[in-house]
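For reference, the structure is listed below as structure tokens.
The values are calculated or read from the model by the stated rules, or taken from the named source; none is laboratory data. All figures in this text were calculated on a predicted structure; none of them were measured in a lab. Cβ sites come from the backbone with ideal geometry, for glycine too, and all protein chains shown count toward neighbours.
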Amino acid sequence: MYKRKINTQPLTFALILLIVFSMIQVFAYPLSPPPSPYPTTYQSTNIDIEFRVYPDRTIELAGNYCFNYTSPYMLITGPDTHSEVRITKEGELFTLTTNNLIMFHEEQKSQFPLNSTTLSIAQEYTGEIATTSINGSIVFPDSWAGYPYSTYINFNLFPYNSTDFTITGQYSDETYNAVLTVQLIPGLALSSIDMNIEGNITHLLISDSIKVFYNYTLPVPGFTSINETVLRGTILNQTFFEEMLYDATGGLLTCQLYNVTLSPIDQNAAIIYVNIVLQGNLIEILAKIYENIVLQFFYGGSYYIPPEMISVIAHDLANITIRSVEEINFELWYISSARTFGFAFDMSINLEKMRSMIAQLMVDDFPQEIQPDIEEFLEVKYALTKSYTETITYKDGRIEYSGNYVFEGNLNTEIDRVKDLCMELMIKSTPYPPPSRQIAVLNETKIIDMSNFRFKFDQEYYQNTQLVSLSFEGVKITPPIDPINSTCFRLERFFNITYSPYEIPRSNDRLKLTVKGETNGTHTVIPVIDPTDPESVPNPDAVLSGNTFVWNNQSISKLRRLIFRIYKGFALYIEKESVSPNNPYIINAINVANCEVIVSEIQSNAIITVNNVTLPEDVSPPPGTYKVLGNYIRISSETGDISGNFTIKIYYNPDQLAELGIDVNSLKIFYWNSTKNEWVPVETRINSEENYVWAIVDHLSIWAVMGQISQPFWTETWFLVVILSIVIIVGILATLLVRKRRKTSTET
């Protein structure tokens, strides 16, 4: 367990929140919008949700959502969007990768500033320090009418057509310095400006010397020509400067030292020496900037945040920014001949400092009733960001974002805690929280594994048409269980979470629900419908292989009375109509019992189980000299004896065959005949290349592969025949040899 750590990267945290809220939305609320009042508007929603139920009563979720909206009234279209998120696990490390693409349409990307902007952001975090590099440029058009359209800029006029400038600066240890260089058209009222700026979070020093030419006018409408009288009434007048400074900063900056002097050169020119010290609080200034940004962001939106809370949050953000930034180097420039503005930033942030300040400051910014939840969340962290890299680029109307985040610890538990926090914040902050029954179920439902999580989101716009699709898989949860007995349970409260008068599917909605019973190798789950239940689940529209039931256009809450039964071994539900010689059903129990059963005909619907057993009770040992190879295999039906056409394939281990000394050619499949109390062999075929034996049978029973021990070669008939033949031949040869010797002796 990790204590007082919160260095999870903010963007990653946002992605996790998006994922969790998407999951809650899928199950707790309708995904499709309410019917449109416009008769010419068309919309449709297609939703596929899959529940994979395991023997340990966990559920793996997967889903697909597609929304089609077409309306002649839809004039504004957004950019096309594609997003992918993936989580993988290797050892003790979790890796979250995300790839995102935003593509603006031709009309959008042809408009300023999208048509002339390039941007590149690269960020890397390791060893508590995050480094960021930002580079980009914007080419200004001839003119631009912003929003509101009363804002109009002509980039062919002064100063855009004649002024070049460069600003370079550096910030470190709460001190900063910068140099502003401005080049004006020669012969105008001002010469080049080289201004030095330096300071800290409380003081700002500006120093420069500027040559001024009298009786020239800048090419700006209403600009008064410069002379000594004008200068003494403006820039040389401290009161004028202080009033202008107050109007510009709202009093956040005050003038501590104002030393501006005029040194004549001749009748037509002079030099102004500037030495100004401004006093203020950089944190306050930055907080005001943040506050204005937040107000603009939420202005006119559906969310309301009290202004006093925005002010407090803005101050905390400013403090966090100033204190956690280690170093900044930046350069800004403008080239008038090309009308190009460019920028480059290099920044390093101490995320550990940022973490500390968030823990100390941000808790107080939340309403008092939810502060304990935030404090508890910050107190303990189960997953820490070990490292990450991010890149964002923009060019030619395309925004590409990719991120790779490595977490150390238990990311599954951390995400579940984020889910719980989101629920608490939603309950305590929204005026219309979800019904209490939904809250209770969501709080009781725990996310236990997202190590194989996949998420995709796509949004496309065509003429008057919006297409949205998202999909996810690899979310494993433990929902509240409604037990029936030791081997049966329901998910009544979990499935009933979506119940409401407006529950999908509705008009133009298509909802496909898939429930699949899974196996863990030793036990199997099978969905079961109780026909005697007055609230019985509707019969599925299809029963697929692998204990998979499918319902079309049935609401999730109608599955609440579905029974899940746990069987020992590998079990499968088989429909009589779904099997035939041309479409056999294969029960693959190789991982469970080294067995495969092919069903090509069956008497009636059945649940068939396959599992390994030791020598069962009331079953005799192998007959005669036979030995069992492997284990006994029980293949049975829940409804008792059932007939059909079954091909049984049992795999054997050739090493065990050699170890027991069994002759491969003697292998046979036997079944236990409980009526006669004996083992009965069936016609068996052997595939010695793939190491299995198989037989076609018409019933189910207890089965075993048996073989006989290979006999020593001197006990074999062929060996005795060979030996006898050799003895006879030797005898004949010996007789002939004796006769020959006798004949020779007689002649002598």
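For Ser162, the conditions (1) of a type outside the set (D, E, K, R); (2) farther than 20 Å from Phe343 by Cβ; (3) part of a strand (DSSP E or B) all hold with the exception of (3).
Restricted to segment 219-248, and to residues there that are closer than 16 Å to Gln267 by Cα and among the β-branched types (Val, Ile, Thr), the residue that is modelled with the lowest pLDDT is Ile226. Scanning segment 477-495 for residues that are surrounded by 15 or more Cβ atoms within 10 Å (Cβ to Cβ) and assigned to a loop (DSSP other than H, G, I, E, B) returns Pro479, Pro480, Ile481, Leu491. Scan segment 266-288 and give yes if some residue there is modelled with pLDDT under 85 and hydroxyl-bearing (Ser, Thr, Tyr), otherwise no. No, segment 266-288 contains no residue that is modelled with pLDDT under 85 and hydroxyl-bearing (Ser, Thr, Tyr). Return the residue satisfying two criteria in turn: it lies in segment 556-603 and is aliphatic (A, V, I, L, M) and part of a loop (DSSP other than H, G, I, E, B), and of such residues it is modelled with the lowest pLDDT. Selected residue: Val579.
Can Ile529 be described as modelled with pLDDT of 95 or more, over 28 Å from Pro434 (Cα atoms) and of a type in the set (A, V, I, L, M)? So Ile529 does not fit the description; no.
Kindly indicate whether Thr639 is modelled with pLDDT under 90, surrounded by fewer than 20 Cβ atoms within 10 Å (Cβ to Cβ), over 21 Å from Phe570 (Cα atoms) and among the polar types (S, T, N, Q). Considered against the rule, which asks whether it is modelled with pLDDT under 90, surrounded by fewer than 20 Cβ atoms within 10 Å (Cβ to Cβ), over 21 Å from Phe570 (Cα atoms) and among the polar types (S, T, N, Q), Thr639 comes out as no.
In the set (1) at pLDDT 85 or above; (2) in contact with a Gly (Cβ under 6 Å, 6 or more places away or on another chain); (3) within 30 Å of Ile121 (Cβ to Cβ), Phe165 fails one condition alone, (2). Restricting attention to segment 403-437, the residues being farther than 26 Å from Ile87 by Cβ and not β-branched (Val, Ile, Thr) number 9. The residue of segment 666-713 that is surrounded by the fewest Cβ atoms within 10 Å (Cβ to Cβ), among those that are more than 49 Å from the chain's Cα centre (by Cα) and hydroxyl-bearing (Ser, Thr, Tyr), is Thr675. For segment 328-353, how many residues meet the condition of being touching a residue at least 40 places away in the same chain (Cβ under 8 Å), over 30 Å from Phe158 (Cβ atoms) and not β-branched (Val, Ile, Thr)? Count: 7. Confirm whether Asp663 is of a type in the set (D, E, K, R) and loosely packed, with under 12 Cβ neighbours inside 10 Å. Considered against the rule, which asks whether it is of a type in the set (D, E, K, R) and loosely packed, with under 12 Cβ neighbours inside 10 Å, Asp663 comes out as no. Hey, any hits in segment 690-712 for a residue that's among the charged types (D, E, K, R), assigned to a loop (DSSP other than H, G, I, E, B) and either over 22 Å from Asn612 (Cβ atoms) or modelled with pLDDT of 95 or more (or both)? Checked against the condition, which is being among the charged types (D, E, K, R), assigned to a loop (DSSP other than H, G, I, E, B) and either over 22 Å from Asn612 (Cβ atoms) or modelled with pLDDT of 95 or more (or both), segment 690-712 yields no hits at all. Among the residues of segment 509-521, those that are more than 21 Å from Ile574 (Cβ to Cβ) and surrounded by fewer than 21 Cβ atoms within 10 Å (Cβ to Cβ) comprise Asp509, Arg510, Lys512. Restricting Ser356, Ser387 to those that are under 24 Å from Thr126 (Cβ atoms), free of Cβ contacts under 8 Å to residues at least 24 places away in the same chain and surrounded by fewer than 20 Cβ atoms within 10 Å (Cβ to Cβ) reduces the list to Ser356.
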